[in-house]
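J.: My structure is below; once you've seen it, I'll send some questions.
The values are calculated or read from the model by the stated rules, or taken from the named source; none is laboratory data. Predicted model, so just to flag it, every value in this text is computed and none were measured. Counting neighbours? That spans all protein chains shown, and the Cβs are built from the backbone with ideal geometry, glycine included.
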Amino acid sequence: MQKHILIVEDEPAIRDMLAYALRKGDYAPLLAGMRARRRSASPSACPT
C-alpha cells in the first residue's frame, strides 16, 4: 500500500524532483505550489 505525502514547494523543478524520488520509494505524492492550492489540497489529503 502506498503512503500519501503532500509536497508544498513553489519551485516546479524541486517539486518534480521530490515527487519523482518519493514515487521510487513507494509514496503517492500530492503536489501543491501556490498558497491557495495548499489550502485546498490539505483537508482532502490528510486523513481524519
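J.: List every residue pair whose Cβ atoms sit under 8 Å apart, with the two residues 6 or more apart in sequence or on different chains, where the first one lies in the stretch 2-21 and is in a strand (DSSP E or B) and the second, anywhere, is hydroxyl-bearing (Ser, Thr, Tyr) and surrounded by 12 or more Cβ atoms within 10 Å (Cβ to Cβ).
T.: These pairs meet every condition: 3/27; 4/27; 5/27; 6/42.
J.: Moving on to the next point. For the stretch 1-14, enumerate the residues that are out of contact with any Pro (no Cβ under 9 Å at 6 or more places or on another chain) and either under 17 Å from residue 33 (Cα atoms) or of a type in the set (Gly, Ala, Ser) (or both).
T.: Within the stretch 1-14, the first condition is being out of contact with any Pro (no Cβ under 9 Å at 6 or more places or on another chain), and the residues that meet it are 1-3, 8-14.
Across the stretch 1-14, the qualifying residues are 8, 9, 10, 11, 12, 13, 14.
J.: Still on this structure, I have one more. Filter the stretch 13-48 down to the residues that are touching a helix residue (DSSP H, G or I) at 6+ places or on another chain (Cβ under 9 Å) and among the aliphatic types (A, V, I, L, M), then identify the one that is modelled with the lowest pLDDT.
T.: So the residue we want is 32.
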